[in-house]
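Student: Here it is, the structure, as structure tokens.
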Amino acid sequence: RCTPVSPSLVTNGNFMLSEIIISFSYALNAMSIVSDWTLIIIRIFVLTASKLNSCAKLIVLFLLGLGIFASVTSIIRSTSILALQSSLGYTYTAIPIALWTIAENGLCIWPANLTPYHPLFHSLVDV
């Protein structure tokens, strides 16, 4: 933290308080979790009301399950945010947060990229 980039500084040139950074991190993480679960619940209601057969619903439910797991990684990441105040050093304590962020992004991208494989799934299972 000795030489931060300029966005990490307040206007008078001092470091931002770690409490402010942690508060913003919790707020953004909470909004992310709430929006994830809201969209998942809406999609589950839409899925149950749809006229898809049960096999197709299971495939969509599997993809939604990956989204739920991605949201759980957000919850796990929020438990690591408080460690930013520790005296071990910013880089050492930020690594677990970065790893959970990478895991969350990967779990969100993977199901989104599975949808073009619908013809392959259709040929394997009569959907």
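Quick note: the coordinates plus some simple rules give every number you see, no bench work behind them. Keep in mind the model is a prediction, meaning the values are calculated, not measured. So basically every Cβ, Gly included, is an ideal-geometry build from the backbone, and we count neighbours across all protein chains shown.
Student: How far apart, in nanometres, would the label points at LEU61 and GLU19 be if each is projected 7 angstrom from Cα along the Cα-to-Cβ direction?
Tutor: It works out to 4.8 nm between the two label points.
Student: Let me ask something else about it. What distance in nm separates the simple spin-label points at TRP110 and ILE75, each placed 7 Å from Cα in the Cβ direction?
Tutor: Output for this residue pair reads 1.9 nm.
Student: Further question: Take the Cβ-Cβ distance between THR38 and TYR117 as r, set R0 to 30 Å, and report the resulting FRET efficiency rounded to the nearest 0.05.
Tutor: 0.65
Student: Follow-up. If each of ILE95 and PHE45 carries a label point 7 Å out from its Cα toward its Cβ, how far apart are those two points in nm?
Tutor: Label at ILE95, label at PHE45, 4.4 nm between them.
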